[in-house]
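Report on one structure; see the data block that follows.
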Amino acid sequence: MVTNPNIGLRPARPRGAARPEPAEPRLRLPARAVLRGQGIRHRRRAQLRLAPARSIRLPFRQRFSDFGRMYLLIAAVLGGVLLYLGQAAGATQASYEIGRLQAQQGELVAEQDHLRYEEASIKSPARIEAEAAQTNLVRPQPYKYVQFQDAGVVLDSPPPRPPDLTPRWERALASVGRRVLGSQDALAAGR
Amino acid sequence: MALSAKAAGFRRGRSGERGRISAGSRDPSFRLRALWLLAAALLLASLIWGRLVYWQVAQHSKLAGDALSQYSKVIELPATRGMVYDRNGQPLAINEVVYSVFISPDQVPRAKRDAVAQGVSSATGKPVEEIQALLASKSKFAYIARRQPKAAADRLKALHLPGVGLEPESQRSYLPGGSPNTTLAANLLGFVNHQGIGQYGVEAFYQQELAGRSGSMSTFQDLAGREIIVGGESRREPVQGADLQLTIDANIQHAVEQALAEGVIKNKAESGSIIVMDPHTGGIIAWADYPTYNANDFARTSVDKFIDPIVSHLYEPGSTMKVVTLAGALDNHAITPGMTIIDPGYITVGGVTLHDWDRANKGMISFTKVLESSLNVGAIRALQMEGKDAFYRNLGKFGFATPSRIDVAAESASPLRSQADYRDSEMATMAYGQGINSNMVQMISAINVVPNGGRSVQPHVVERVGGRPSLISQTPSQVVVAPDTAAQMNEMMKAVVQRGSGHEARIEGFQNDEGGKTGTSQMPIDGKYGLDVWSSYVGYMPASDPRFTMLVVIRKPHNESWILNDGYIVAAPIWKKVAQSIVLQWHIAPTPGR
């Protein structure tokens, strides 16, 4: 596919003007086509074969006409503007969203403060006392202290043994265990 | 274009190419016309350029400023005020959001006025007629109710009323106090006004630390005033206010407030105050006044209730001052606890005869007995024995010459006059606490020297500011009297409870392990002492290892008889009640053998 818009276009010839000499084709033709053309007087159109488009490598400036380049430039500028506007609109929307979230955060902070005050009020001595009064709880008045009697410890005389409250069957089992295992720790270890 | 081209002498050349100037262009008239045209074009262009230069260069800053003011705004980022906690972390002052309800009458359709009025009235409690009158007015904006609680705001939001809006505002909230319609430690804490400025008490003293510093953010806004974040905002972060941790114990504070209110009412007194202090650190454990106020409703409170008598009122301490007089004399080795004097019941100093409270002849008595029975003559004898100079110096050492420097706003103090300005009789009355003015903080600090082994500590209310120890709490203690002197005074003050006027303050289990002193001082009215008194009791316990020092002052008790207004009858039972609460609250057990 030929992409150069100059191909096939000729400048308008003024009336009466001499036919201009055929210009040297700018295209580079395959060597075989040129050779064929040199030896034959009548040119055959079919003999002028154009190279496949993919092999044509034109500089950028030659690929587009002036208008083409202008259109491209305008398109690029428009694209940029649209991109900017899109981003700006997105940013504005995002900022509205941020504003909404900030307001929501403010409400949540207010809620938190309120709950904090509620909690502190509930824990306040006045509230606890009021709740206690509702359930008929009162302060122990008057109160008494039980004097601690420090009897002292005499190492020479061992303290009286407290009564053994272990059930008899357990004691019997323990004595059997002692006889069999030969250790007093057998039962103790199991406790 | 074609016309102007012709006029300018442009002609199509023979070649047919446009734009080529024919030979006629070399005509001088043609050139002249072209020049005129060029000049006119330049003139017009220069006019436009000049105008552009004027607007864009000369008026640049003004226009840029105008534009900026239209689409940018500076938002204040308020700093959150620091909270106030007690020594156990219980919040005492908390920030809350409240809502002011406003209405835009022109945005309320006429047909919906009744519904709006009913709705607002049900949510805020305002009379329907008042709201209807507002709605019928031609005003564009009016507040209906200020600072409504969140519950009311939530009710109002749910109604979706047209033309009604809510404006959030910050408010400081305080816990309920020990008596009805009061808040806990109201006089100590003070309050924060609607402008966010601390008033009175700790809120005023630590205003700078609590308030922090507001930040700001310049941002852009749309036509509706909504913020648009485009990334170019300048932002200065706020410095949040520091939290305060007080030395106050909320539970004991509550018990103190209850006992005080009960005591003041029972004795038909004008007012009363109690201050409880940690004897070793100077930290205030409780600080209560009665009558007090509701700090959550400060706008509808009489201003005189805001003034804290503990720190802003001066009083004559009366016989509690004898502790200072005798401790100074003991420390100067002028007297000993067992030293005896003769007390005929009166003494004449500088031509003025001064009496004991009962005017009775006591005969030969020891200085311990002087304190036990609160004898004025004995106190004057102690002053006489140590000398005026030493006594005057002692007053300074015990802290009566300067303010206590406690971290509560509006401390009043009456500096001592020069020693030469005191007549002998004045000095003599000062020995038993008349004719000398102090505030309650100064007095408890002075007495606290005894349970603290002879050292004075800086009284303070705030232990930590923003998590760091407060500077005032780090103030080093100072030696006032020798430890031996303090120990001797401790025994004498124990004797006051065991055998003397402090019997009404005896606590079961601690009878032999608490120290105290009663005080009753007459109030001067128009230069003369009348029958109205300050009744006081100061004490500490356990005496062997003091956990607290407490001073109770009741102003103008009006019991049936004058004698029933004495400190040992009025103030000591209140002291006892509070002390029992502290014993229970702190699980203080009697020391075996004491």
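Take every pair of alpha-carbon atoms less than 8 Å apart whose residues are at least six positions apart; their mean separation over the length of region B:83-143 yields a relative contact order of 36 percent. Note on chain B: helix-only mean residue ellipticity at 222 nm, from DSSP H runs of 4+ residues weighted -39500 (n - 2.57) and normalised by residue number, equals -10000 deg cm²/dmol. Going by the alpha-carbon gyration tensor, a ≥ b ≥ c the square roots of its eigenvalues, is region B:41-160 rounded (a/c under 1.5) or, if a/c is not under 1.5, prolate (a/b greater than b/c) versus oblate? Here region B:41-160 falls in the oblate category.
Spin-label model, B:Leu63/B:Glu237: points 7 Å from Cα along the beta carbon direction are separated by 4.0 nm. Dividing the Cα radius of gyration of chain B by its Kirkwood radius returns 1.33 for Rg/Rh. Counting, for every residue in B:124-136, the Cβ atoms of other protein chains within 10 Å of its Cβ and taking the mean gives 0.
Listed peptides B:414-423, B:282-291, B:348-357, B:240-249 appear in the order B:282-291, B:240-249, B:348-357, B:414-423 once ranked by packing, highest mean of other Cβ atoms within 10 Å at the front. Take B:Ala589, project a point 7 Å from its Cα along the Cβ direction, then tell me which residues of region B:532-546 have their backbone nitrogen under 18 Å from it. So the set is B:542-546.
Ranked by the mean number of other Cβ atoms within 10 Å of their residues, highest first, the peptides A:63-70, B:317-324, B:363-370 come out as B:317-324, B:363-370, A:63-70. Shape summary of region B:114-239, radius of gyration then Dmax from alpha carbon positions: 19.8, 55 Å. Between region B:60-132 and region B:260-282, the C-alpha centres lie 41 angstrom from each other. Sequentially through region B:338-352, phi angles give Karplus couplings (6.51, -1.76, 1.60; θ = phi - 60°) of x, 4, 9, 9, 9, 10, x, x, 7, 7, 10, 10, x, x, 10 Hz, Gly and Pro residues having no value and appearing as x. Computed from backbone phi with θ = phi - 60° and the Karplus coefficients 6.51, -1.76 and 1.60, the 3J(HN,Hα) list for region B:533-550 is 9, 9, 9, 9, 8, 10, x, 8, 6, x, 5, 6, 8, x, 9, 7, 10, 9 Hz; x is used for glycine and proline. Determine the relative contact order of chain B: mean sequence separation of Cα pairs under 8 Å and six or more apart, normalised by residue count, in whole percent. Relative contact order here is 13 percent.
Give the relative contact order (percent, whole number) for region B:206-307; include only Cα pairs under 8 Å separated by 6+ residues.
20
Placing pseudo-labels 7 Å out from each Cα toward the beta carbon at B:Glu169 and B:Lys73 gives an inter-label distance of 1.9 nm.
Rule-based calculations on the coordinates, nothing more; no lab input. The model shown is predicted, which means the values in this text are computed figures rather than measured ones. Cβ atoms come from the backbone with ideal geometry, glycine included; neighbour counts cover every protein chain shown.
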